[in-house]
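Worksheet: one structure, shown below.
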Amino acid sequence: MTSIGIFGAAGRMGRAIAQVAAEAGIAVAGGTDRDGSGELAPGIAIGSDPAALARESDVLIDFSVPAALAAHLDACVAAGKPVLVGTTGLEAGHHALIDKAAKAIPVLQTGNTSLGVNLLAALVEQAAARLGDDWDVEIVEMHHRHKVDAPSGTALLLGEAAARGRGIALADHSERGRDGITGARAKGAIGFAALRGGSVAGDHQVILASEGERIELGHRAENRVIFARGAVKGALWLGGQPAGRYDMKAVLGL
C-alpha cells in the first residue's frame, strides 16, 4: 500500500488531505509543520523533521509555505521520493529549485489540484488561442480572509493558460493591482483582480471581452475536499512516474 506524507500537515489543506486519504483507505505515514506538535489523526503525530518524513513515506504532498520548499525538496531528493507541490505564492527562484529536483525525482507542481479548475484552464487556453488580442483577458479571483498571497496560484495557472494560447509570456503581459490614474489598458494584457473575505474556498472567473460581447468562464470551489481529492489522486499517479516535472494536466489526461 502506498503511504503519503504531508508537509504543512497542520494547515487546512493538510488536514483535508489526511481525511480524504483515510476515507479512501490510503495510509498516511505522517506529517510535518513548523511547530511540530499535535496529531494529524489519532495515532499520527505531526513532527518537524522533513527528512525523516520523506524516508518513512512512499510519496509526499506539500501544502506548506514557499519558505519551506527548499528543505522539503532536499528531503525528497535525499530519500529518492516523489513529491506533489501544491504550495502557492511561488516565485522564479522556487521554480528553479523544482526544476533542479525534477532531474532526480518525479515532481508535480500545480496551482490547483481540482479536476474542474484544470479543465477550465484547458478551455481558457483554447479560447485564447482562437480569439485575437482584441479580446481582453481579465481574471478575477476571491478567497477567504486568511489567504496571504495574491493573485492566487489558480489565477496564475489560468493566466499561464491564456498566455500559452496566445503564444506569449505571462510575465511580460501581466497587469495587476490597478489603482489611481493607470492609463488605458495595454493591448494584449492579461489582467488580475484579487478579492478577499469571509470563508470563500475559491472562486475564479476568466473574462474575455471584446467590442460588444464577452465570454465568461468560471469555477467555484464549495469546499477544500475537491482539492484534497485531486492532490491524493495526483500523488498516487506520481508514484509510478520517472524523474521529471509534471502538472495536473498529465494526471487527468488533458
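The values are calculated or read from the model by the stated rules, or taken from the named source; none is laboratory data. Remember, predicted model here, so these are calculated numbers, not experimental data. Cβ atoms come from the backbone with ideal geometry, glycine included; neighbour counts cover every protein chain shown. These area figures cover heavy atoms from the full protein model, side chains too; ligands, DNA and RNA do not enter into them. Shrake-Rupley method; radii C 1.70, N 1.55, O 1.52, S 1.80 Å.
Considering only residues in the stretch 110-155 that are farther than 30 Å from Leu236 by Cα and among the small types (Gly, Ala, Ser), the one that is least open to solvent (accessible area, probe 1.4 Å) turns out to be Ala128.
Screening the candidates Ala54, Ala9, Ala67 for the property of being outside any loop (DSSP other than H, G, I, E, B), farther than 18 Å from Ile226 by Cβ and open to solvent by less than 10 Å² (accessible area, probe 1.4 Å) yields one hit, Ala54.
Every residue, every condition in (1) open to solvent by less than 30 Å² (accessible area, probe 1.4 Å); (2) over 24 Å from Arg220 (Cα atoms), yes or no:
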site	(1), (2)
Ile46	yes, yes
Asp49	no, yes
Phe63	no, no
Ala71	no, yes
Thr87	yes, no
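If you check Arg229 against the conditions, is it in contact with a helix residue (DSSP H, G or I) (Cβ under 6 Å, 6 or more places away or on another chain), open to solvent by less than 70 Å² (accessible area, probe 1.4 Å) and over 19 Å from Trp135 (Cα atoms)? For Arg229, the condition - in contact with a helix residue (DSSP H, G or I) (Cβ under 6 Å, 6 or more places away or on another chain), open to solvent by less than 70 Å² (accessible area, probe 1.4 Å) and over 19 Å from Trp135 (Cα atoms) - is not met.
Only one of the numbered conditions (1) open to solvent by 30 Å² or more (accessible area, probe 1.4 Å); (2) aliphatic (A, V, I, L, M); (3) farther than 22 Å from Arg12 by Cβ is violated by Leu208, and that is (1). Taking the conditions (1) under 30 Å from Gln19 (Cα atoms); (2) open to solvent by less than 70 Å² (accessible area, probe 1.4 Å) in turn, Gly180 satisfies each one other than (1).
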